[in-house]
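The values are calculated or read from the model by the stated rules, or taken from the named source; none is laboratory data. All values reported here derive from a predicted model rather than from experimental measurement. Using ideal geometry, Cβ is built from the backbone for each residue, glycine included, and neighbour counts are taken over all protein chains shown. What goes into the accessible areas is simple: the full protein's heavy atoms, side chains included, and nothing from ligands, DNA or RNA. Shrake-Rupley method; radii C 1.70, N 1.55, O 1.52, S 1.80 Å.
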Amino acid sequence: MDRRLFLKVSAVASSIMAFPRRVWSAVARLSESAIAQKVKDLVGQMTLDEKIAMMAGVLGPFTQVKDSPFRTNNTPGCERLGIPGIRFVDGSRGIRFKGATCFPAAMARGATWDPALEERVGNVIGYEGRSGGANFFGGVCINLLRHPSWGRSQETFGEDPYHLGMMGAAVVRGVQNHMMACTKHFAGNSIDKSRHYVDVRMDERTLREIYLPHFKACVDAGTASIMNAYNTLNGEPCAQNSHLLSGILKNEWGFKGFVLSDFGSLKSTAASANAGCDVEMDRRRFYDWKLKSAVQTGRVKIDKINEAVSRQLGQHLRFIHLEGSTDYDRSKLGGPEHAAVSRECAQKAMVLLKNENKTLPLKRGEIKTLAVFGELADKVNLGATGSTAFEPSYTVTPLQGIRRAAGKNIAIIFDDGVDLISARDKAEHADAAVVVVGLSHLDENEGFDRLNLNLSDKHEALIREIASANPKTVVVIEAGGAVTMEAWKDQAPAILLAWYGGMEAGNAIADVIFGDVNPSGKLPIVIPKSNEQLYPFDNKARKVEYGYYHGYRYFDKHGLEPAFPFGFGISYTAYKYSNLRLAQKTIGRSGKLVARVDVRNAGDVAGEEIVQLYVGYNGSKVDRPIKELKAFARVALKPGETKTVTLEVPAADLAYYDPDSAGWRVEEIEYLIYMGPSSNKQDLLSESFRVASI
Ligand code: BGC
């Protein structure tokens with residue numbers, strides 16, 4: 001196909017944005033076997049030009065969706081055969097349609113440790129997306145946060161592969177009640193400034209054990225699509241990395257969906273198609289006449305093209321019963337039912353890091369004047385812009401939320417904190433003070449990184465000033481990742497990490513401050529005391545080496561004490577752990593460990609606790625982490641109530657990857673098991689068990 005014909009095919013196809021109802025509207029959900037048969041039939045009827053046309057985005061950054069106010073990034077499909085194209089909308093805080101529900105940033109949602117809630121979040125995203133005419137959600141970002149400096153840290157759920165996999169799989173399941181989900185960026189993408197050229201290097205064991213398990217979890221959850229990363233991995237750009245795309249993803253893991261390129265990430269035609277990149281986004285630069293000529297000259301086999309088209313077709317057919325469905329009510333977009341899920345999420349995400357002298361919750365009856373400080377207190381601060389920019393139906397700032405929740409009997413005084421002397425004066429005369437500080441898209445965003453992990457000097461000075469003037473000072477931090485706090489942490493009696501809480505952030509912050517909600521979030525990352533505690537983060541280098549250890553695994557290994565450990569978060573009550581016991585002290589290689597622990601709410605308010613299970617290794621023949629997260633659960637407890645929490649770990653999850661034999665090995669050794677409220681050794685009960693041939 002020459003260039004002119006390509007443009008014509010793209011243009012025609014892009015004008016038919018909705019899948020033609022006449023063909024598919026009466027279609028019921030297709031079975032797996034019906035899909036397989038239909039894929040075969042359709043591919044058999046397609047010309048090479050039609051196939052290649054389906055493999056790339058259409059010209060123009062966005063296309064108006066038929067009968068909808070929204071726009072999407074499209075691929076053409078095949079009009080002649082009634083095959084829809086991809087109608088892509090990004091995330092990750094919701095579906096990026098104006099007026100949609102804006103959820104807290106993914107990092108905040110990671111702090112909920114609540115896959116069931118995340119599945120409901122995904123369900124809302126998918127519903128809103130489909131009701132606006134999209135059929136593809138491009139916002140499931142699960143890159144592992146290796147270092148807190150990554151500019152997009154807010155877009156992912158945290159630093160631990162198991163936790164990331166649980167959260168990522170949950171949102172995939174939810175979204176896919178309604179449309180295709182895309183899991184990204186495959187793989188090793190965690191530096192932003194140099195993302196287009198950096199070669200991320202790591203050994204095979206590190207790749208398999210640390211940087212890939214969460215992608216596997218999303219593949220197992222049925223993700224329709226995987227987006228490759230911009231970066232190069234071990235010398236081969238991810239868009240044409242056949243080890244990753246064909247070797248691991250498609251052959252080993254049995255991924256049934258299609259690989260879509262990150263926008264503009266392709267660097268080649270034949271190498272990308274042969275490696276297994278099925279769709280070029282956001283427009284064709286390499287999958288055009290060059291791909292046709294590569295097929296004609298034998299550099300790309302027609303089977304490769306058929307496979308790429310079949311993969312995409314299979315996913316369209318999986319969701320075809322929803323094309324043009326009239327079951328979606330667009331007026332629900334950003335409405336109260338969905339906003340309630342966002343608020344619940346923001347509440348459960350909040351991590352109470354410190355609460356000396358029971359500073360929190362503020363008791364309405366005891367406070368007459370509450371002073372609220374900080375320029376962020378009355379700002380809408382949703383987090384990143386760029387590919388995740390969001391225009392929700394409405395927003396609630398912390399000040400608005402606090403005013404609403406305080407009621408008539410508390411006078412709220414606001415000061416932006418720019419003039420420290422006047423702020424101090426107000427703090428001295430108030431019964432309590434709330435200081436809202438943190439970061440915004442100016443500090444962390446796509447395209448650059450956050451090399452300095454402190455708050456700004458201005459924000460740190462404001463905290464110190466207010467905390468020294470009012471003993472009931474609450475510091476509320478808005479951020480998408482770790483913030484170092486040593487310069488002021490000891491002076492602040494209460495610290496609440498509120499992240500970027502989405503459109504309902506202000507209400508959720510007020511709910512927690514006044515004790516209407518007991519905070520229950522836990523850190524999905526370690527918070528270091530300083531940058532010096534961490535391994536290097538070089539966002540200018542052309543090559544970087546990712547070692548096996550990062551995050552809490554690194555802190556454990558090097559005996560470092562963080563400011564706040566992974567998994568940490570306190571509440572307005574106290575949970576007591578006791579009686580850790582194992583169903584068996586020895587399990588077989590194909591068995592599973594069943595561990596139980598009693599958790600009691602020893603305080604006087606109801607709450608939800610996140611119970612964590614870590615595993616350590618005694619006598620492994622390879623170097624292993626001191627401990628690793630292998631299971632967790634959220635449990636609700638009334639005051640005085642005790643519940644037994646049961647967590648299970650399949651023996652297969654104890655394996656290490658052996659590059660020599662290219663396989664996973666479960667060792668017959670002693671394993672240590674730890675259960676408790678965080679990864680902090682002192683907080684954990686421990687037991688041991690063995691894996692043996694039984
Ligand atoms: C980002 C992707 C995003 C795409 C489209 C790229 O720059 O890396 O995460 O999905 O833009 O918005």
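Please determine, by comparing only the residues of region 153-209 that are acidic (D, E) and open to solvent by 10 Å² or more (accessible area, probe 1.4 Å), which one is nearest to the ligand (Cβ to nearest atom). Can you show your working first?
Looking only at region 153-209, we keep the residues that are acidic (D, E), and these are 155, 159-160, 192, 199, 203-204, 209.
Imposing the further condition that a residue be open to solvent by 10 Å² or more (accessible area, probe 1.4 Å) reduces the set to 199, 203-204, 209.
Numbers: D199: 18, D203: 26, E204: 25, E209: 25 Å.
Ranking the qualifying residues of region 153-209, first place goes to D199.
I need a count of the residues in region 440-465 that are touching a strand residue (DSSP E or B) at 6+ places or on another chain (Cβ under 7 Å) and of a type in the set (A, V, I, L, M).
The qualifying residues number 4.
What about A308, is it open to solvent by 20 Å² or more (accessible area, probe 1.4 Å), assigned to a helix (DSSP H, G or I), more than 16 Å from the ligand (Cβ to nearest atom) and touching a strand residue (DSSP E or B) at 6+ places or on another chain (Cβ under 9 Å)? Reasoning before the result, please.
Details: open to solvent by 20 Å² or more (accessible area, probe 1.4 Å): no; assigned to a helix (DSSP H, G or I): yes; more than 16 Å from the ligand (Cβ to nearest atom): yes; touching a strand residue (DSSP E or B) at 6+ places or on another chain (Cβ under 9 Å): yes.
No.
Out of all the residues in region 628-649, is one or more free of Cβ contacts under 8 Å to residues at least 40 places away in the same chain, farther than 22 Å from R581 by Cα and not acidic (D, E)?
Yes, because at least one residue in region 628-649 is free of Cβ contacts under 8 Å to residues at least 40 places away in the same chain, farther than 22 Å from R581 by Cα and not acidic (D, E).
Please go through region 111-120 and give me each residue that is assigned to a loop (DSSP other than H, G, I, E, B) and not hydrophobic (A, V, I, L, M, F, W, C), ordered by number. It would help to see each step written out before you state the result.
Residues of region 111-120 assigned to a loop (DSSP other than H, G, I, E, B): 111-114.
Correct list: T112, D114.
Table: residues versus (1) at pLDDT 95 or above; (2) aromatic (F, W, Y); (3) within 22 Å of V483 (Cα to Cα); (4) open to solvent by 60 Å² or more (accessible area, probe 1.4 Å).
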{"residue": "N409", "(1), (2), (3), (4)": "yes, no, no, yes"}
{"residue": "G417", "(1), (2), (3), (4)": "yes, no, yes, no"}
{"residue": "H429", "(1), (2), (3), (4)": "yes, no, no, yes"}
{"residue": "L442", "(1), (2), (3), (4)": "yes, no, yes, yes"}
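M227 passes all but one of (1) open to solvent by 40 Å² or more (accessible area, probe 1.4 Å); (2) in a strand (DSSP E or B); which number fails?
Here M227 clears every test but (1).
Scan (1) in a loop (DSSP other than H, G, I, E, B); (2) touching a helix residue (DSSP H, G or I) at 6+ places or on another chain (Cβ under 8 Å) for the single condition A430 breaks and write down its number.
If we test A430 against (1) in a loop (DSSP other than H, G, I, E, B); (2) touching a helix residue (DSSP H, G or I) at 6+ places or on another chain (Cβ under 8 Å), just (2) comes out false.
I'm trying to understand the selection: among the residues of region 599-644, which are farther than 15 Å from A574 by Cβ, open to solvent by less than 50 Å² (accessible area, probe 1.4 Å) and of a type in the set (D, E)?
E628
Being among the charged types (D, E, K, R), under 16 Å from V172 (Cα atoms) and assigned to a loop (DSSP other than H, G, I, E, B) is the filter here; which residues of region 61-110 pass it? Give the steps one after another, and end with the answer.
Let us first name the residues in region 61-110 that are among the charged types (D, E, K, R), namely 66-67, 71, 79-80, 87, 90, 93, 96, 98, 109.
Of the ones still in play, those that are also under 16 Å from V172 (Cα atoms) are 90, 93, 109.
Selection gives D90, R93.
Given the criterion within 30 Å of L453 (Cα to Cα) and either in contact (Cβ under 8 Å) with a residue 24 or more places away in the chain or touching a Leu at 6+ places or on another chain (Cβ under 7 Å) (or both), identify the matching residue among I570, I587.
Values: I587 fails: within 30 Å of L453 (Cα to Cα).
Checking each option against the conditions leaves just I570.
Pairs only if they're at least six apart or on different chains, beta carbon under 7 angstrom, first in region 91-107 and open to solvent by 10 Å² or more (accessible area, probe 1.4 Å) and among the charged types (D, E, K, R), second within 14 Å of the ligand (Cβ to nearest atom) and not in a loop (DSSP other than H, G, I, E, B); list them, first residue then second.
R96/V89
Among residues belonging to region 324-374 that are in contact with a strand residue (DSSP E or B) (Cβ under 6 Å, 6 or more places away or on another chain) and more than 29 Å from I610 (Cα to Cα), point out the one that is most open to solvent (accessible area, probe 1.4 Å).
For region 324-374, the residue satisfying everything is T369.
One residue is enough: does region 382-389 have a residue meeting the conditions within 16 Å of the ligand (Cβ to nearest atom), small (G, A, S), part of a loop (DSSP other than H, G, I, E, B) and open to solvent by 30 Å² or more (accessible area, probe 1.4 Å)?
yes
Tally time: how many residues in region 447-491 are free of Cβ contacts under 8 Å to residues at least 60 places away in the same chain, within 19 Å of N539 (Cβ to Cβ) and open to solvent by 20 Å² or more (accessible area, probe 1.4 Å)?
Number satisfying all stated conditions: 1.
Just give me the residues in region 233-263 being surrounded by fewer than 19 Cβ atoms within 10 Å (Cβ to Cβ) and within 27 Å of T72 (Cβ to Cβ), in sequence order.
K256, the sole residue that qualifies.
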